[in-house]
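The values are calculated or read from the model by the stated rules, or taken from the named source; none is laboratory data. Please read these numbers as outputs of a predicted model, since none were measured by experiment. Here the Cβ positions follow ideal geometry from the backbone for every residue, glycine too, while neighbour counts run over all protein chains shown. What goes into the accessible areas is simple: the full protein's heavy atoms, side chains included, and nothing from ligands, DNA or RNA. Shrake-Rupley method; radii C 1.70, N 1.55, O 1.52, S 1.80 Å.
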Amino acid sequence: MDREAALEIVKKQLTEHRYTHTIGVMETAIRLAELFGANQKKAETAAIFHDYAKFRPKEEMKKIIIEQKLPSILLKHNSELWHAPVGAYLVEKEVGIRDKDVLNAIKYHTSGRPNMTLLEKIIYVADYIEPNRHFPGVEEVRQLAENDLEQALLKSMQNTIMFLLKKNQAIFPETIETYNWIILKEE
Ligand code: DGI
Ligand code: FE
Ligand code: FE
Ligand code: FE
């Protein structure tokens with residue numbers, strides 16, 4: 001899909017702040033794709049639509065998780081996690097995007113997953129480091145992403161898990177599994 005057409009579709013789903021974030025993720029993802037040899041067009045499309053479902057009512061997302069047989073464990077965890085798998089479903093159904101690589105990058109952009117593809121890593125990291133983000137430690141991840149995407153992914157996951165631990169929040173199993181996968185693979 002043409003970039004301008006895609007942006008016009010997603011803009012209607014988002015707040016101005018979230019739309020600005022989306023543009024930042026798009027630009028960052030394209031640059032990472034160029035740097036690490038991924039398909040730039042897929043990176044662009046996945047980035048544009050990654051937060052498509054962010055503002056859907058919780059009840060609508062819950063209904064989709066049940067009816068589409070998405071993992072029911074999602075319902076026990078923070079609803080912040082729901083927009084990623086629900087977004088992948090809605091982007092296929094409502095926007096007509098069928099590319100599995102793009103849909104999986106949207107689906108796993110919040111938790112990651114073991115054996116993530118290059119495109120999935122790019123969207124995860126771009127979401128974390130895009131220029132409008134101001135988390136503590138984000139600059140270190142930006143530096144790492146200049147030459148080592150794996151290290152950038154590991155650091156952003158560690159920061160996210162640490163942040164959740166400090167807030168007494170549960171960690172979604174797939175988030176932990178992704179973290180373990182990166183660490184064990186390096187040994
Ligand atoms: O949608 P964004 O704000 O751009 O970012 P995101 O989709 O990466 O993350 C959305 C939220 O989900 C963010 O506040 C962190 C949170 N999150 C990520 N992994 C986990 C999580 N929350 C819980 N409870 N457990 C997780 O494993
Ligand atoms: Fe998100
Ligand atoms: Fe993220
Ligand atoms: Fe995002």
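Just one of the numbered conditions (1) crowded, with 19+ Cβ neighbours inside 10 Å; (2) within 16 Å of the chain's Cα centre (by Cα); (3) away from ligand 4 (no atom under 16 Å from the Cβ) is not true of Asn115; which one?
Going through (1) crowded, with 19+ Cβ neighbours inside 10 Å; (2) within 16 Å of the chain's Cα centre (by Cα); (3) away from ligand 4 (no atom under 16 Å from the Cβ) one by one, Asn115 breaks only (1).
Say we look at the stretch 27-41 and pick out the residues that are buried (at least 19 other Cβ atoms within 10 Å of the Cβ) and touching a residue at least 60 places away in the same chain (Cβ under 8 Å); which of these is nearest to Ile106 (Cα to Cα)?
Residue satisfying both the conditions and the ranking: Ala29.
Let me confirm something: among Glu80, Glu44, which residue is part of a helix (DSSP H, G or I) and surrounded by fewer than 17 Cβ atoms within 10 Å (Cβ to Cβ)? If you could, list the steps in order and put the result at the bottom.
Details: Glu44 fails: surrounded by fewer than 17 Cβ atoms within 10 Å (Cβ to Cβ).
Criteria check complete, one pass: Glu80.
Please return the ranges of helices (runs of 4 or more DSSP H) entirely within the stretch 85-155 where 1 or more residues are closer than 22 Å to Pro71 by Cβ.
Numbers: elements: 100-107, 118-129, 138-147.
Ranges flagged: 100-107, 118-129.
Among the residues that make up the stretch 89-102, is at least one of them within 16 Å of ligand 2 (Cβ to nearest atom), within 16 Å of Ile48 (Cβ to Cβ), over 14 Å from the mean Cα position of the chain (by Cα) and aliphatic (A, V, I, L, M)? It would help to see each step written out before you state the result.
Residues of the stretch 89-102 that are within 16 Å of ligand 2 (Cβ to nearest atom), as a first pass: 89-91, 102.
When the remaining residues are screened for being within 16 Å of Ile48 (Cβ to Cβ), the result is 90-91, 102.
Checking the rest, the ones that are also over 14 Å from the mean Cα position of the chain (by Cα) come to 90.
Checking which are aliphatic (A, V, I, L, M) leaves us with 90.
Checking the stretch 89-102: at least one residue is within 16 Å of ligand 2 (Cβ to nearest atom), within 16 Å of Ile48 (Cβ to Cβ), over 14 Å from the mean Cα position of the chain (by Cα) and aliphatic (A, V, I, L, M).
It is to be established whether one or more residues within the stretch 161-169 are touching a Leu at 6+ places or on another chain (Cβ under 6 Å) and within 16 Å of ligand 4 (Cβ to nearest atom).
In the first step, residues of the stretch 161-169 are kept if they are touching a Leu at 6+ places or on another chain (Cβ under 6 Å); the result is none.
Within the stretch 161-169, not a single residue is touching a Leu at 6+ places or on another chain (Cβ under 6 Å) and within 16 Å of ligand 4 (Cβ to nearest atom).
Among the listed residues Thr178, Thr110, identify the single one that is touching a residue at least 12 places away in the same chain (Cβ under 8 Å), within 12 Å of ligand 1 (Cβ to nearest atom) and within 22 Å of Leu14 (Cα to Cα). Give the steps one after another, and end with the answer.
Values: Thr178 fails: within 22 Å of Leu14 (Cα to Cα).
Going through Thr178, Thr110 in turn, the sole match is Thr110.
Could you grab the pairs with beta carbons closer than 7 Å, sequence gap of 6+ or different chains, first residue in the stretch 3-21 and on the phi < 0 side of the Ramachandran plot, second one open to solvent by 60 Å² or more (accessible area, probe 1.4 Å) and among the basic types (Lys, Arg)?
Correct list of pairs: Tyr19/Lys11.
State whether the residues of the stretch 160-168 include one that is part of a loop (DSSP other than H, G, I, E, B), touching a Ser or Thr at 6+ places or on another chain (Cβ under 8 Å) and not hydroxyl-bearing (Ser, Thr, Tyr).
So in the stretch 160-168, the residues part of a loop (DSSP other than H, G, I, E, B) come out as 167-168.
Cutting the leftovers down to touching a Ser or Thr at 6+ places or on another chain (Cβ under 8 Å) gives us none.
Checked against the condition, which is being part of a loop (DSSP other than H, G, I, E, B), touching a Ser or Thr at 6+ places or on another chain (Cβ under 8 Å) and not hydroxyl-bearing (Ser, Thr, Tyr), the stretch 160-168 yields no hits at all.
Considering only residues that are open to solvent by less than 70 Å² (accessible area, probe 1.4 Å) and in a helix (DSSP H, G or I), look in the stretch 169-179 and name the one that is farthest from Pro114 (Cα to Cα).
Only one residue fits best here, namely Pro173.
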